[in-house]
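Heads up, the thing below is written out as structure tokens.
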């Protein structure tokens with residue numbers, strides 16, 4: 001084997017090792033590494049838990065007694081839906097956090113719908129949820145980045 005062939009084989013071996021290492025790094029991402037790459041999801045769930053705690057505390061302290069028509073779980077679900085909608089907006093506006101948001105948008109609509117359904121009745125809310133889901137699908141078809 002000539003010296004030239006030897007170095008070509010050596011280069012191929014190095015390239016193969018580098019590709020194997022990259023593949024292994026992609027497969028071995030821990031929760032912490034994923035969080036560092038996209039902390040927005042963790043922040044959103046933390047804010048949802050804080051919102052639920054604040055709403056329940058306000059109800060237990062009687063601060064919401066003047067709003068008798070409010071169902072506490074409805075308030076929590078609507079608030080969680082609004083927080084998830086805000087996540088969608090951030091994902092669309094901030095390039096570092098951009099990813100597909102169709103499913104998240106539908107999840108937010110279902111949360112808001114479930115909360116409003118408890119307060120205003122399902123006969124009004126379910127058609128609104130279906131309209132929101134249909135609009136989400138339509139927007140995704142027209143704007144693939146959405």
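The values are calculated or read from the model by the stated rules, or taken from the named source; none is laboratory data. Since the structure is predicted, the reported quantities are computational estimates derived from the model, not experimental observations. Please note: Cβ atoms are built from the backbone with ideal geometry, for glycine as well, and neighbour counts cover all protein chains shown.
Observations
A quick yes/no check of all residues on (1) part of a helix (DSSP H, G or I); (2) at positive phi; (3) touching a helix residue (DSSP H, G or I) at 6+ places or on another chain (Cβ under 9 Å); (4) at pLDDT 85 or above:
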site: 64; (1), (2), (3), (4): no, no, yes, no
site: 70; (1), (2), (3), (4): no, no, yes, no
site: 88; (1), (2), (3), (4): yes, no, yes, yes
site: 100; (1), (2), (3), (4): no, no, yes, no
site: 105; (1), (2), (3), (4): yes, no, yes, no
site: 124; (1), (2), (3), (4): yes, no, yes, no
site: 141; (1), (2), (3), (4): yes, no, no, no
site: 145; (1), (2), (3), (4): no, no, yes, no
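- For the stretch 59-68, the criterion of a residue being farther than 30 Å from residue 141 by Cα and either in contact (Cβ under 8 Å) with a residue 12 or more places away in the chain or in contact with a strand residue (DSSP E or B) (Cβ under 8 Å, 6 or more places away or on another chain) (or both) is satisfied by at least one position.
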